[in-house]
Protein chains: 2
Amino acid sequence: MEPPVSAVPPRITLKDLARELGVSTASVSNAFNRPDQLSPKLRERILSEAQRLGYSGPDAKARSLRTGRSRIIAVVLAETLTYSLNDAVASELLAGIAEVLDVHGHTLLLLSGRQHVSQAPGSANIADGFIVYGLMPSLKVLNDIPAQRPMVAVDFNIQSRPSVHVDNEPASYAVARHALATPPKRPGIINLRLTESPCNGKITAEYTLLAAGQTITRSRLAGFHRALEEQGIDPATVPMWNIEENTFEVCAPVIAEILDLPDDQRPDLLLCMSDRIALTVVTLAEQRGLRVPQDIRITGFDGIAEGQYRSPRLTTVRQDSVEKGRIAARMILGLAPRENRQLLTELILGETCP
Amino acid sequence: MEPPVSAVPPRITLKDLARELGVSTASVSNAFNRPDQLSPKLRERILSEAQRLGYSGPDAKARSLRTGRSRIIAVVLAETLTYSLNDAVASELLAGIAEVLDVHGHTLLLLSGRQHVSQAPGSANIADGFIVYGLMPSLKVLNDIPAQRPMVAVDFNIQSRPSVHVDNEPASYAVARHALATPPKRPGIINLRLTESPCNGKITAEYTLLAAGQTITRSRLAGFHRALEEQGIDPATVPMWNIEENTFEVCAPVIAEILDLPDDQRPDLLLCMSDRIALTVVTLAEQRGLRVPQDIRITGFDGIAEGQYRSPRLTTVRQDSVEKGRIAARMILGLAPRENRQLLTELILGETCP
DNA sequence: CTGAAAGCGCTTACAG
DNA sequence: CTGAAAGCGCTTACAG
């Protein structure tokens, strides 16, 4: 089905090299892997001869079969790789993971829970461990993974596996409480992936929200609602929109619809479930000549760099995604206890909602 | 040295399953890999029994040794993974690569040319092919790669290997020419990684630039210079600064230094070698109450989303990094001829330099 | 369509 | 410190 990556010309193996040198295969192996197991002189000879003959070291495929370990850790991403690689939060998580793996001699294999159908099944199970990021449409990918391999879930839960989270509900509560301290005339909420069936626009009565515990965005909504109630605002009276994908392109039409409402209907405070959403509001508001924060106040969630290295700076709540990645990686490598972890977030007061 | 990832409990193998079912190992293998080689009925029985006994399919380590292919393609990044994952251009490249690999049943292994010393040598050679991105401090990593494996270079050159580039010189010329059509009083250039020894600030006489052909930024400078000369401006009279890493944090102090020059010395046009640099100029200029483009005009290079989904939009030249990744991936998979490619760029007229 | 057997390239006790 | 040998878990001609 797939064309071979290349026709491989004759290749020299460890055995060939041993024969060539008149030593045992064990000595050649030791020359590369256990310097203390042979004389420096012999090792020198083996290594230089290897270089001369174009032998670049033991084959990793054979080594991993023999030792049972590949030194590869897989990250399974709920979204497509294309999306994840361009998302600031996912990128930071990956950076945190990569940092720890690198220091401990492991490498990072990227997999997606939304892979193409032609995806060779089982190619994932080469990895020694798995970090699974976010709720995926189907847990089928996880079935290909041998049950004994370590696995940790990030930002969602897998039955009987450790997980790493942030304190979504208190974090949302904190930012909403700050925003509501200045009473808004018309607050609004822009959710992220919160409906059972796809909805990119206003959430009307016909939509059902995902169940609590299924998604972190449900916890974020709970935090918003708690703050609203505390201010004597009935959450049921606050209009909600939903965004299907955390990108400018997908956010823009929904936000344009909101901002283009008549002055007396347009929200003057928008609580957004991500910085990407909030930043899109800022950009489209500026394009329309709406003043931030005078005409419309905006809050985000995540604390990504793009929201801080600009003007006006985003008011948001910062989660340390890099640290989330580090912790997940340490758990997988057995350097940290495999337990459920919840990281704290930090309220950032920017200019979009002073 | 490194602790094992986990103590693996007893595990069932293909052989065990075959014995259990009273069939040959070939049939079990075929049930998973070649459905046409056995009766649907037997296949059904094997698959269901496998599930019941917790056999999740053939082990990828053994399979890859046996077949000689891992279906893994490695991307070797010149920068650290932490940097690369958070850089828009590198992320787009990776996204383009991942897109093609995914469709063709391959997965993506991330490696860095600046790995930690403890990095297990040779663990890279599990990959079937290598995409090498950017000039790295040392090509040592590449030595561990068997010579027969396909390899393609992106944004730099490796002896006798195909490469993928964009038209850096003409692209820079185009954007500079556009900018210089409105004659500046005091043009300036902000370079990226262009000096032999590290320099984060003004490039003075004591610094030597990297040789032409060594780095793409040298080609970009050539484009700027050609446009300057064409306008009768001697490039030697145009002040140049250098940035060591394409991040806000590293750019900011250099740019602050430039913007804080007295009014009669501050450049009124800055030609920047990346959008990240240009965006940092915009942000810091806004913070200082400088008007863009009235007080200072700014051009970038790359065409990243962040520069376009904001106001003022960046004037820049767009390179299709996603496509660069797609092409490199197709070459590696043997789906496109292994030859040198140069992609065209597109001038984008934004508001930072109308 | 099925089964017996070779062998992919290593690492690692083990005996010397 | 060195060498002979087993075996990691598969896939694939090949014979039936």
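Placing unit charges on the Cβ atoms of the charged side chains and taking the dipole of the protein assembly as shown about its Cα centre, the candidate lying farthest along the positive direction among A:Leu228, B:Gly201, B:Pro183 is B:Gly201. Based on DSSP H segments of at least four residues, each scored -39500 (n - 2.57), chain A has a per-residue ellipticity at 222 nm of -11000 deg cm²/dmol. Label point of B:Gln342 (7 Å along Cα→beta-carbon): distances to the other copies' equivalent points are 5.8 nm, sorted ascending.
Working from label points 7 Å from Cα in the Cα-to-Cβ sense, the A:Asn340 to A:Asp260 distance is 4.5 nm. Taking every DSSP beta bridge that has both ends in chain B, the antiparallel portion is near 15%.
Each label was represented as a point 7 Å from its Cα along the Cα-to-Cβ direction; for A:Lys140 and A:Ala26 these points are 4.9 nm apart.
All Cα-Cα distances of the protein assembly as shown, cut into 10 Å bins from zero to the largest, leave 3, 14, 22, 23, 20, 12, 5, 2, 0 percent in each bin in turn. Of interest is the spacing of the C-alpha centroids, which for segment B:55-116 and segment A:300-354 amounts to 26 Å. Shown here are the Rg and Dmax of the Cα trace of chain A, at 26.0, 89 Å.
Using a 10 Å cut-off around each Cβ of peptide A:51-63, what is the average number of partner chain Cβ atoms that fall inside?
Partner Cβ neighbours, averaged per residue: 6.
Extending 7 Å from Cα along the Cβ direction at A:Gln159 and again at A:Ser39 yields two label points whose distance is 6.1 nm.
Can you give me the Kirkwood hydrodynamic radius for segment A:72-165, using every pair of distinct Cα atoms, in Å to one decimal? Each step should come with its number before you reach the end.
Values: mean 1/r = 0.0745 Å⁻¹.
Kirkwood hydrodynamic radius for segment A:72-165: 13.4 Å.
If you take all other residues with their beta carbon under 12 Å from the beta carbon of B:Ala176, and give Lys and Arg +1 and Asp and Glu -1, the sum is +1. Fraction of C-alpha pairs exceeding 17 angstrom in segment B:254-331: 46 percent, rounded to a whole number. For segment B:189-335, the Cα gyration tensor yields ellipsoid semi-axes of 26, 20, 15 Å (square root of five times each eigenvalue, largest first, whole Å).
Just to confirm the numbers: A:Pro253, label point 7 angstrom along the Cα-Cβ line, distances to the other copies in nm, shortest first? Spelled out, the distances from A:Pro253's label point are 4.7 nm. Seen from every direction in turn and averaged, the convex hull around the alpha carbons of segment A:194-277 projects onto 5.9 nm².
Take every Cα pair under 8 Å in segment B:14-58 that's 6+ residues apart, average their separations, divide by the length, and report that relative contact order as a whole percent.
38 percent
Taking every Cα-Cα distance in segment B:14-58 and sorting them into 5 Å bins starting at zero, the pair-distance distribution P(r) comes out as 5, 27, 41, 23, 4 percent.
Exceedance of the 25 Å cut-off in Cα-Cα distance is limited, within the set A:Lys61/B:Lys41; A:Lys41/B:Lys140; B:Lys41/B:Lys61; A:Lys140/B:Lys324; A:Lys15/B:Lys15; A:Lys324/B:Lys61, to A:Lys61/B:Lys41; B:Lys41/B:Lys61; A:Lys140/B:Lys324; A:Lys15/B:Lys15; A:Lys324/B:Lys61.
Each reported figure results from applying straightforward, stated rules to the coordinates on display, with no laboratory input. Not measured: the values here are computed from a predicted model. Cβ atoms come from the backbone with ideal geometry, glycine included; neighbour counts cover every protein chain shown.
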